[in-house]
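Contents: one structure, followed by commentary.
The values are calculated or read from the model by the stated rules, or taken from the named source; none is laboratory data. As the structure is a computational prediction, the values presented were derived from the model and not from experiment. For neighbour counting, all protein chains shown are included, and Cβ atoms are generated from backbone atoms with ideal geometry for every residue, glycine included.
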Amino acid sequence: MTKLKNIKVVVSDLDGTLLNTQHKISDYTKSIFQELHNQGYLLVVATGRHHLDAMAIVETLGVPVYLVSSNGARIHSPNKEELFAFNLNSDVVKAALNVEIDPEITVVLFKENVWQTNRISEKLNAYQSELNYRPELVDYKKLEDFGAIKIFFSCDNHEKLVKLKDDVLANSSEHLHHAFSLPTCLEFMDKSIDKAVAIEQVLEKEGFTLAEAVSFGDGFNDVQMLSASGKGLIMGNAPALLKETLPDLEVIKTNAEDGVAKYIASKILDKELV
């Protein structure tokens, strides 16, 4: 068993990574993160989720954690102090939505306190054990303020999302970039916003660099984070295309197998796996 050297920071995505298939953090994972904290590692969670949603999950770890949310548009300290915030301009969002959107696609604007959507989706609600971040049904044709943290689309048909991605970028590539956090989830952020950029801000504040970080992820919104880290690790449950996109990165166990915690236990904490 070879221990990973020169690692001072542990960064993890949530969905499909730190969270299991029930969208929860297992007791085993909590115990591993408690030990990381006890040994002085800096802990960062970097997620596409809204901060109100993610905070409730991160709190269950029971240790101080920096939170990068909305793919880097928000940063919160371990004591929940907002350190960074960026919102998309209303006109930029309005232009992005000025395309033909298939009726099967759920549209979501991440606002500060609610997520505005064209339909209430029980599938999306299921990602929250408690609705800390609530949906608000809106008619986008009548909406006046389109300002948002990010734009989110969901559809079981990936090809429909690919077409929508192309249509949105045809109008808005100057201002926006995209990521498929899951094959069924398409997200648009300002071009300046990325998990890796936000994580670098956190590490600079704490006196570390990404070269001293190990990071875990499973989606295309994790690409820059995984690539820039001293050690980037792809979840076994990640899409095949992500693994092909980052062929030099190691693939570990799935989120259903507590892949993050087991890797940390073996390669960072130097513990025997049971």
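Things to note:
- Set 99, 114, 63, 107: member being surrounded by fewer than 22 Cβ atoms within 10 Å (Cβ to Cβ), in contact with a helix residue (DSSP H, G or I) (Cβ under 7 Å, 6 or more places away or on another chain) and not assigned by TED's automatic domain parsing to the domain that holds residue 256: 99
- Restricting the stretch 165-182 to residues that are polar (S, T, N, Q) and touching a helix residue (DSSP H, G or I) at 6+ places or on another chain (Cβ under 8 Å), the residue that is nearest to residue 98 (Cα to Cα) is 171.
- On inspection, residue 43 passes the criterion of being in contact with a helix residue (DSSP H, G or I) (Cβ under 9 Å, 6 or more places away or on another chain), under 24 Å from residue 224 (Cα atoms), in the same structural domain as residue 236 (by TED's automatic domain parsing) and surrounded by fewer than 20 Cβ atoms within 10 Å (Cβ to Cβ).
- Considering the stretch 239-272, and only residues there that are among the small types (Gly, Ala, Ser) and touching a helix residue (DSSP H, G or I) at 6+ places or on another chain (Cβ under 7 Å), the residue that is nearest to residue 48 (Cα to Cα) turns out to be 261.
- Qualifying positions in the stretch 139-159 - outside any strand (DSSP E or B), charged (D, E, K, R) and under 19 Å from residue 221 (Cα atoms): 156, 159
- Tally of residues being in a helix (DSSP H, G or I) and either of a type in the set (A, V, I, L, M, F, W, C) or crowded, with 18+ Cβ neighbours inside 10 Å (or both) across the stretch 166-189: 4
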